[in-house]
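Data first, discussion second: the structure below is written as structure tokens.
Since every read-out is calculated from the coordinates, none of them should be taken as a lab result. Predicted model only: the values in this text are computed from it and were never measured. Every residue, glycine as well, gets a Cβ built from its backbone with ideal geometry; the counts of neighbours run over all protein chains shown.
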Amino acid sequence: MFPPEFDYRRAETVAEALSLLSDHADRDVRLLAGGQGLVADLKAGAATPDLLVDVGDLTSLAGVTVAADRVTVGALATHAEVATSATVREHAPVLGATAEHVADLQVRNRGTVGGNLAEADPTADLPAAVVAADATLHVRGPEGERTVAATRFFEGEGRTVLGSDELLTGVSLPARTAGAYARETHPATGYAMAGVAATLDVADGVVSAAGVAATGVADRPVRLGTVEERVVGAPVEDVDPAAAAAGAAEPIAADRLVGDAHASGEYRLQLLPTVAERAVEQALEGAAAGGGPA
Amino acid sequence: MTDDDDALVGRPVPRREDRALLTGAAAYTDDLRAPGAAHLAFVRSEASHAHLDDVDVGAATAIDGVLGAFTWADVAASGTPGVLPVASARLDCDVPGHPVLARDRVRYQGQPVAAVVAADRYTARDAVAAVEVTVDPLDAVVDPVAATADGAPTVFADAPDNVAVTTELGDREATARAFADADRVVELDLANNRLVPSALEPRAALASWDDADEQLTVRMTSQSPHGHRRKLATTLGLPERRIRVVAPRVGGGFGHKGHHHPGEAMAAWAARQLDRPVKWTATRSGNSLAGAHGRDHRTTAALAVDDDGTIRGLRAETHAAVGGYGLGGGPVMPGWYGRLLAGQYDVEAIHCETHSVFTNTAPVHSYRGAGRPEAIYVTERLVDAAARELEVDPAALRRRNQVSEFPHETPVGATYDSGDYGRALDEALGAVDWERLRATGRDDAGRYVGVGLACYVESTGGGHESGVVRVHPDGGVTIYAGTHSHGQGHGTTYAQIVADELGVDDDEISVVEGDTERIPTGTGTFGSRSTIAGGNAVAESARAVGEKAREIAAHRLEADPADVEEAGGSFHVTGTDRSVPFADVAAAAYGRGLPAGLEPGLEATTFYEAEGTAYTFGTHVAVVAVDPDTGAVDVERYVAVDDCGPRVNPAIVEGQVHGGVAQGIGQARSEAALYDDDGTLLTDELLRYALPRAADLPDVETRATETPSPHNDLGVKGIGEAGTIAAPPAVVNAVVDALAPLDVEHVDMPLTAERVWRAIEDAGG
């Protein structure tokens, strides 16, 4: 019940965190941010690291900023900050709408955007939002900063492109008119059985761009191009969410489905059109109202 | 006796328990400290069925801080019986009880095979991983029907067909005649899902051995301290007089904390073995793995009805899993479930055959309702199926067949004491606008709307109970009762009852439960029995004390006792201004001034047993909306009309109904303990076992009718289990009603979204 002994270092700067990662490349090192996933794993014995590098004090990774039509969210921004941020609601409404679905208030107050994305839980909410939003993930490593498209960041259950010597520092999203997130909630875990994030850009009453992505169904978030293509180019008032979402399940490969005793992969897949319809509908309402869902 | 206008009984007096519970001042078992206390943790079998070849505790013993690591050999060497007994005299086979640690065989996943005791709980749990268990696996059987098939793996050699006991109720031939004679027969195959009792507080014990006086004290999560003392005495080979069981604050019982499990017994054994206090607290996964679980019935049932709506007969055959061992009366209990199969109806003939079947799963025992939910589920599903078959309103079919004269004896041996079934039904129908809901097809969101009824009876209040009322020399009162409160609020309700009987302010009354050294005897709290058995026991003692006080008062007032009456905390001579305060009478009882022939002291002890069973009843209605695209079920409204006779504290009664309905909706919608074919529990933690959450539950609208029981002085009936009995059939009937346009006729619990969606798909929807 006590986790096996591990070393603990609290990084004062990003550079220090990175050098700790490099200096201990031969050991099992885990980054500790909000601790909402890792601490539970430590208690359960599911994680047995040699070294914890606590990045919780890296204030440079906190906060939300907006510049040049992009919203940047620091890796240490909490779900609660994102869900209640007026900046996020105005410029990246999909992220705020999704963050308010994450877990419960206590977890939202502690859990971080960066930690959640790096954890790569296939049933988590935020991964769908960043994939739908065409977000860019900012990664720092020994060679400096690199950026990764959210669509390429997730590689499967618990797996991302992050190297063991790299730190996710933040995520930036192009500004969008509207966004929403809909979910059928797993009765035991509280995560998604099927979740869909949708973003829309509207110009002159016409949907000029759309991003729609699913979580909870496959081993990683999946862009639902079949939904997007039925939305883009249409006047907002002409979009039929049900028709747009009808093919939502098509992009999901059968061999990537996830499921359990409460909800099989097959069932989750068939939920997608319904959940996608709801997400698109709410995003359209947001577009009509000039932003995110009410 | 207090005048009706001033009576506390019948008022929603705020629960006196809540201050300590809400501020954290209340200490639960795991909060208790004892000097030098060590901590016990179990090594549990990963295999569900296997020969136990070897348990090597050597490496665990070597860990710093480990005080002992024990196997069955150590228990046997100590000369302790070490077995949790099974009610073998009432079984069809001669099987052993549950050893506190596995002997040579494991029969369910999670069965304790070794125990580690360490200076702290962390070391104990870590040392568990150092114990090496070698097993030779055997084929497992988890389904109670499959377990009785030819060639199924055998759990006990002495029960080759795995049947612990088969119980028959009613008359097979008379039922066959009724079925042959009736116009129509409806049949259903029903599964009553296996549940994991999930009290907020897991089970726990802190045991201490006093070697000087050879006394064992076990502070533990118990619904029945005297019952546990008796069971511990058997398992430990100690006389009852050497054991004290104390139940401190207990966070939910539900039957689970009335049963005899290995943890508490092993903590007691280890405390004596090591001569230091030992604490054991169940982990959540240990609680899930080792049970006792609840329900798990497979039933084939049929109802015979005439075209005019007369219910003629009911028959049921049930296979009930009892798990890898029988725990006490656990295997016997399913046989009695059929006692309630008549439900609220006057049925000519009933036959019920129940097979209690060993399976390689956690033991099964009574869980809030204990057979009554299983019975009423069968009856109420059948009545709805018959209404559909006859194309009549299910409420009308119920009304036509409801028992209206009391007492009423059913063909399965129940005698209903009193009731007004039609009134409760009417009240419920009126509350929900039944006719309009019946006519509603789909709501604005396209969801199918359904409404479901459950008319139930509940047998309540068996067994004896002790109640002591002691008036102290200062006039204050302490009540001692053999029941135990773990959410029921006896501290409040017993004080209300005694305050009315004695004319004393309830603030002057303390209530003590949960200590075998302070309370003469007790049966405990389960089976919706406490207000009947304990409430009447303390009421009777209070009346005796009140009579004696009046005699003393009359003596002091130099009046005839017949002319003395109690009012406002004093005794008065009728028609005069002469009076004496209750406190002065109490002082006199312990000092000088007693009338000749009266013994000193002012207290009374009652061992009470009601004359017969009190049958609580009512009608619950669930209104649901089902999303045909997702299968998601929303319980949009829930109305509970319950009749438990006079309500001592209506707020506490409502709380009981709220909690029971929450658990019932949990069974109906999401809860299920699932095993794979190898006997591995798939739902061993709350990330996999779906308890209902606040957001999943509707507001429960409670209403009351009041029909006293003739069997006890207070006229009360039990209410603790009504919600778990009525909610599952009400919700399932509502969902089946909602999906009737799609030709869905049956869905098994739990009504997970996927299961409902598949039912729609399979029906061609």
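Okay, here's what the table says:
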| read-out | value |
| --- | --- |
| Test item: B:430-443 mean partner chain Cβ contacts at 10 Å | 0 |
| Ratio Rg/Rh [Cα only; Rh per Kirkwood] for the range A:178-288 | 1.00 |
| Positive-end residue, the protein assembly as shown charge dipole about Cα centroid, Cβ charges, pick of B:Pro12, B:Ile665, A:Ala209 | B:Pro12 |
| Estimated FRET transfer efficiency (B:Glu706, B:Arg518; beta-carbon r; R0 45 Å; 0.05) | 0.85 |
| Virtual spin-label span in nm between B:Thr300 and A:Ser164, 7 Å along Cα→Cβ | 6.0 nm |
| Pairs of Cα atoms farther than 41 Å apart, chain B, % | 36 percent |
| Label-point gap, in nm, between B:Thr61 and B:Ser510 - each point 7 angstrom along Cα→Cβ | 4.7 nm |
| Packing-based order for B:54-64, B:500-510, A:269-279, using average beta carbon neighbours within 10 Å, highest first | A:269-279, B:500-510, B:54-64 |
| Relative contact order (%) - chain A, alpha-carbon pairs under 8 angstrom, separation at least six | 16 percent |
| Candidate lysines for bridging to B:Lys717, where Cα separation is under 30 Å - those fewer than 8 sequence places away on the same chain excluded | B:Lys231, B:Lys257, B:Lys548 |
| For B:744-756, mean number of other protein chain Cβ atoms within 10 Å | 2 |
| Test item: B:683-690 mean partner chain Cβ contacts at 10 Å | 4 |
| Leading residue at positive end of dipole, the range A:178-288 (Cβ point charges), from A:Gly259, A:Gly179, A:Ala279 | A:Gly259 |
| Crossing angle, helix A:265-289 versus chain A [Cα axis fit, 0-90 degrees, rounded to tens] | 70 degrees |
| Stokes-Einstein diffusion coefficient of the range B:640-680, Kirkwood radius over Cα pairs, 25 °C, 0.890 mPa s, in µm²/s | 194 µm²/s |
| Cα-centred dipole magnitude for chain B, charges only on beta-carbon of K, R (+1) and D, E (-1), debye, nearest 20 | 1740 debye |
| Estimated distance in nm for a label pair at A:Glu16 and B:Ala596, the labels positioned 7 Å out from Cα along Cα-to-Cβ | 9.4 nm |
| Spatial separation of Cα centroids for the range A:100-163 and the range B:242-278, in angstrom | 47 Å |
| Inverse mean reciprocal Cα-Cα distance (Kirkwood Rh) of the range A:61-174, Å | 13.7 Å |
| When the convex hull of its Cα atoms is projected in every direction, mean area for the protein assembly as shown (nm²) | 48.2 nm² |
| Cβ charges +1 (Lys, Arg) and -1 (Asp, Glu), total dipole of the range A:7-54, debye | 180 debye |
| Nearest-20 debye value, the protein assembly as shown charge dipole, Cβ charges on Lys, Arg, Asp, Glu | 1740 debye |
| Charge tally in the Cβ shell below 15 Å around A:Gly37, where Lys, Arg are +1 and Asp, Glu are -1, A:Gly37 excluded | -2 |
| Between the range B:1-68 and the range B:592-644, the alpha-carbon center distance in angstrom | 26 Å |
| Cα-based reach from B:Lys279 at 14 Å (exclusive), listing aspartates and glutamates while leaving out same-chain residues under 8 positions away | B:Asp30, B:Asp31, B:Asp120, B:Glu264 |
| Positive dipole terminus of the protein assembly as shown, leading residue within B:Ala587, B:Ala375, A:Ala288 (C-beta point charges) | B:Ala587 |
| Neighbour net charge for B:Asp696 - beta-carbon separation under 10 angstrom, K R +1, D E -1 | +1 |
| Rg/Rh (Cα only; Kirkwood hydrodynamic radius) as it applies to chain A | 0.98 |
| Compactness relative to 2.2 N^0.38 Å, alpha carbon Rg of the range A:7-54 | 1.12 |
| Max mean-square fluctuation residue, GNM over chain A, Cα-Cα springs under 10 Å, options A:Arg223, A:Arg108, A:Arg30 | A:Arg30 |
| Most fluctuating residue given options A:Leu31, A:Leu51, A:Leu42, as computed from a GNM of chain A linking Cα atoms under 10 Å | A:Leu42 |
| Net charge of Cβ neighbours under 11 Å - reference A:Phe153; Lys, Arg +1; Asp, Glu -1 | +2 |
| Among A:Ala128, A:Ala11, A:Ala261: highest mean-square fluctuation, GNM of chain A, C-alpha pairs under 10 Å | A:Ala261 |
